[in-house]
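One structure is given here, and the rest of the page talks about it.
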Amino acid sequence: MLPRFVRSRAPIYGLGAVAVGYGVDHYFYCDSVTRNLRTLAAGVVIAYEYKVNFVPGSFDRVHQRTADLILDTCAKNGGLYIKFAQQIASFSAILPPQWSSFKKLYDQAPSIPYDEVVTVIKAELGAHPNDLFERFEEVPVASASIAQVHKATLKGSGLEVAVKVQKPDVKVQVELDLFAFKVVIFLLERLFDLPMTWTVQTIETHLREELDFIRECNNAETAAKFVREVPSLNAAVHVPKVHWDLTSSRVMTAEWIDGVSFAEVEKVEKRWSQDKISSMMTVLVDLFSDQIFRSGFVHCDPHPGNILIRPNPANNAQPQIVLLDHGLYVQQSPQFTSDYTRLWTSLFAHDIKTVEEIVARWGISDVQLFAIGTLQKPWTQQKGIEGSTVKDVFSSTTQGRQELSDDPEVRKKQLYDMQLKMKERAKKYLSDTDKVPRELIFVGRNLNIIRSNNKSYGSPVNRINLMCNWARATQFDRDAPSTPPSLPARILAVARQPSILLPQIYTYTSLAAVSLLFHGTRLVNAARRWWNWLVGCTEGRLKGFEDALDEKVRKGIYEQTGGLLDEDAFEA
């Protein structure tokens, strides 16, 4: 037994031990233990919620509480946890709708003090910022989860540059943070009985690569090289140049660009006319289409904050896209790039056999759901082009539709049953996760952000047709014979077998249907704006082409499967 005086002072000793432990964690381990204990506590609460409180009548409340708890934990922990929340958001189409709030967590964070910036730069570049630069602004212009950016001026030339400095805590926290990420994804997979852990290794690898600024600089130069290869993109897109003599694995110095963030919609719309915005959006869609279908080197985080708009130096009357933040790229394998391009062209040509072959090879069992997720537009798996006739092009099918009741309680149960149907279908979506190309994780993210970017400006371009045409042109170049057949030979081939035209008929019919929706939506919006002006009514931003597509996707899934997607399922 402990002496009496020791027992009487036990609470004081306990508090002292906690204080010492907290101090050691804070000053030597950058709060790594505290942050992960917070994560562990959140995991215990979530397990309790779903084990004890998840009973009929409480489902929505439990989903909301647990989603809020994880979101709050990620926000408080900061650092890589912000990246983790963004990755969880990529599963939002299959998670309960309450989890859509993860998309609202932007990669912003408090800046570190200037003396810590100096410490990192001296350790990486061997000198004080004042000795390396003519001028170095102590207050950062931007601060994110893993780094912050300072504006500086080069000695001698006077050129302005952006200096990206990695926050010192990240290097210490990374191992425990990545371990916590694995635990959270494993927990989510067990709670919702959905395949999720197969993505962890790939995501972890790419998150580690984001911390290496040398890799980011190499990515930037590779991206710039591929842009220069396309005449229509060369002058319209700019990648800031890297200053390698002032760059290391934790400090990156690049050309400073004055421009307006793509996220500042009102400023961009005030500066540029609608036709210039349309051309700008066309360039953006073409840029990422070229990355996905031709070069295979894909920027996986093209959110609005990573895009600037500036007057083109060669012609100030035209906007120029400036692509920033090249830390997260995926290099597709040549086989995947070829297969993915052929998948897009086959989906529009309704070449079901080719689509099924590619999707099966990728370990995916639900062709229709995968097609809808890829195109982000309705797609029906009917009879393929083999054995089809021209009239089959215009046929459609619906199945599984259930009329919703007007009774609130009955309707609530119906909606819940529909969400369960979508969950069951999602569980069967992947037949073999070992076969799934890991490129799909990030390419899907890229596609969703492209859609969201177009939507944020009222859908000024027909994204679907632009991407399809880029895929078709790329596929044509790959498949073109060295000696193309003569025109008479092609006419004779069609005369002998008219069905060879069916893929083109299917494709042009599909593109025409999408174009009709696009122009119809624009016409309706123009009429509404005119009417609002006439009657003196003020209305917010009207729903555009992307909104109409979202609605058709949800309606199509509902009619064809009886499942119901949440309204925010496709939000980036």
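Which ones in the stretch 353-369 are of a type in the set (D, E, K, R) and open to solvent by less than 30 Å² (accessible area, probe 1.4 Å)?
Our first condition is that a residue be of a type in the set (D, E, K, R); within the stretch 353-369, this holds for 353, 356-357, 361, 366.
Residue satisfying the conditions is 366 alone.
Please determine whether any residue of the stretch 211-220 is out of contact with any helix residue (DSSP H, G or I) (no Cβ under 6 Å at 6 or more places or on another chain) and of a type in the set (Lys, Arg).
Applying the first criterion (out of contact with any helix residue (DSSP H, G or I) (no Cβ under 6 Å at 6 or more places or on another chain)) to the stretch 211-220 yields 211-214, 216-220.
From what is left, the residues that are of a type in the set (Lys, Arg) are none.
Checked the stretch 211-220: no residue is out of contact with any helix residue (DSSP H, G or I) (no Cβ under 6 Å at 6 or more places or on another chain) and of a type in the set (Lys, Arg).
How many residues are open to solvent by 40 Å² or more (accessible area, probe 1.4 Å) and of a type outside the set (A, V, I, L, M) if we restrict to the stretch 457-483? Full working, then the answer.
Initially, the stretch 457-483 is screened for residues open to solvent by 40 Å² or more (accessible area, probe 1.4 Å), giving 466, 469-470, 472-473, 476-483.
Next, only the ones that are of a type outside the set (A, V, I, L, M) stay: 469-470, 472, 476-479, 481-483.
Matching residues across the stretch 457-483 total 10.
Quickly run through the stretch 330-365 and pick out the residues that are of a type in the set (Ser, Thr, Tyr) and either in a helix (DSSP H, G or I) or at pLDDT below 95 (or both). Write out each step before concluding.
Keep residues of the stretch 330-365 that are of a type in the set (Ser, Thr, Tyr), which gives 333, 337-338, 340-341, 345-346, 354, 365.
Residues satisfying the conditions are 337, 338, 340, 341, 345, 346, 354, 365.
Taking the residues in the stretch 276-315 that are among the acidic types (Asp, Glu) and at pLDDT 95 or above as candidates, determine which candidate is surrounded by the most Cβ atoms within 10 Å (Cβ to Cβ). I'd like the intermediate steps shown before the answer.
So the first thing to find is which residues in the stretch 276-315 are among the acidic types (Asp, Glu), and the list is 286, 290, 301.
Right, trim to at pLDDT 95 or above and you get 286, 290.
Details: 286: 20, 290: 22.
Result: 290.
Being farther than 29 Å from residue 233 by Cα, surrounded by 11 or more Cβ atoms within 10 Å (Cβ to Cβ), of a type in the set (A, V, I, L, M) and at pLDDT 65 or above narrows it down to one residue among 494, 524, 535, 514; which is it?
Working: 494 fails: at pLDDT 65 or above; 535 fails: surrounded by 11 or more Cβ atoms within 10 Å (Cβ to Cβ); 514 fails: farther than 29 Å from residue 233 by Cα.
Sole residue among the options that is farther than 29 Å from residue 233 by Cα, surrounded by 11 or more Cβ atoms within 10 Å (Cβ to Cβ), of a type in the set (A, V, I, L, M) and at pLDDT 65 or above: 524.
Here's the yes/no breakdown for (1) under 20 Å from residue 248 (Cα atoms); (2) out of contact with any Ser or Thr (no Cβ under 8 Å at 6 or more places or on another chain); (3) not polar (S, T, N, Q):
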{"position": "165", "(1), (2), (3)": "yes, yes, yes"}
{"position": "185", "(1), (2), (3)": "no, no, yes"}
{"position": "190", "(1), (2), (3)": "no, yes, yes"}
{"position": "193", "(1), (2), (3)": "no, yes, yes"}
{"position": "196", "(1), (2), (3)": "no, yes, yes"}
{"position": "202", "(1), (2), (3)": "no, yes, no"}
{"position": "209", "(1), (2), (3)": "yes, yes, yes"}
{"position": "216", "(1), (2), (3)": "yes, yes, yes"}
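Does residue 162 qualify as being in contact (Cβ under 8 Å) with a residue 40 or more places away in the chain and surrounded by 16 or more Cβ atoms within 10 Å (Cβ to Cβ)? Show your work before the answer.
On the way: in contact (Cβ under 8 Å) with a residue 40 or more places away in the chain: yes; surrounded by 16 or more Cβ atoms within 10 Å (Cβ to Cβ): yes.
Yes; evaluated as a whole, the condition is true for this residue.
Could you go through the stretch 405-416 and let me know if any residue there is at pLDDT below 85, among the small types (Gly, Ala, Ser), assigned to a loop (DSSP other than H, G, I, E, B) and within 20 Å of residue 197 (Cα to Cα).
Within the stretch 405-416, the first condition is being at pLDDT below 85, and the residues that meet it are 405-416.
Going one step further and asking which of them are among the small types (Gly, Ala, Ser), we end up with 405.
Checking the rest, the ones that are also assigned to a loop (DSSP other than H, G, I, E, B) come to 405.
Those left that are additionally within 20 Å of residue 197 (Cα to Cα): none.
So far as the stretch 405-416 goes, no, none of its residues is at pLDDT below 85, among the small types (Gly, Ala, Ser), assigned to a loop (DSSP other than H, G, I, E, B) and within 20 Å of residue 197 (Cα to Cα).
Suppose we keep only residues that are modelled with pLDDT under 80 and of a type in the set (A, V, I, L, M) within the stretch 57-80. Which one would you say is most open to solvent (accessible area, probe 1.4 Å)?
Among them, the one singled out is 75.
Quickly run through the stretch 186-234 and pick out the residues that are within 29 Å of residue 434 (Cβ to Cβ), of a type in the set (Phe, Trp, Tyr) and open to solvent by 30 Å² or more (accessible area, probe 1.4 Å).
Of everything in the stretch 186-234, those that are within 29 Å of residue 434 (Cβ to Cβ), of a type in the set (Phe, Trp, Tyr) and open to solvent by 30 Å² or more (accessible area, probe 1.4 Å) turn out to be 186, 198.
Condition test on residue 257, is it open to solvent by less than 10 Å² (accessible area, probe 1.4 Å) and of a type in the set (A, V, I, L, M)?
On the way: open to solvent by less than 10 Å² (accessible area, probe 1.4 Å): no; of a type in the set (A, V, I, L, M): yes.
For residue 257, the condition - open to solvent by less than 10 Å² (accessible area, probe 1.4 Å) and of a type in the set (A, V, I, L, M) - is not met.
Go through the stretch 139-150 residue by residue and tally those that are over 17 Å from residue 125 (Cα atoms) and either open to solvent by 10 Å² or more (accessible area, probe 1.4 Å) or in contact with a strand residue (DSSP E or B) (Cβ under 9 Å, 6 or more places away or on another chain) (or both). Walk me through it before giving the result.
Let us first name the residues in the stretch 139-150 that are over 17 Å from residue 125 (Cα atoms), namely 139-146.
Still in the running and either open to solvent by 10 Å² or more (accessible area, probe 1.4 Å) or in contact with a strand residue (DSSP E or B) (Cβ under 9 Å, 6 or more places away or on another chain) (or both): 139-144, 146.
The qualifying residues number 7.
Are there helices (runs of 4 or more DSSP H) fully within the stretch 208-278 with at least 3 residues that are free of Cβ contacts under 8 Å to residues at least 24 places away in the same chain and touching a Pro at 6+ places or on another chain (Cβ under 9 Å)? List them. Steps first, please.
Values: elements: 213-228, 231-234, 265-271.
Because the criterion is at least 3 residues that are free of Cβ contacts under 8 Å to residues at least 24 places away in the same chain and touching a Pro at 6+ places or on another chain (Cβ under 9 Å), no helices (runs of 4 or more DSSP H) in the stretch 208-278 meet it.
The values are calculated or read from the model by the stated rules, or taken from the named source; none is laboratory data. As the structure is a computational prediction, the values presented were derived from the model and not from experiment. Heads up, the Cβs are rebuilt from the backbone with ideal geometry, glycines too, and the neighbour counts pull from every protein chain shown. The area values use the complete protein model at the heavy-atom level, side chains included, leaving out ligands, DNA and RNA. Shrake-Rupley method; radii C 1.70, N 1.55, O 1.52, S 1.80 Å.
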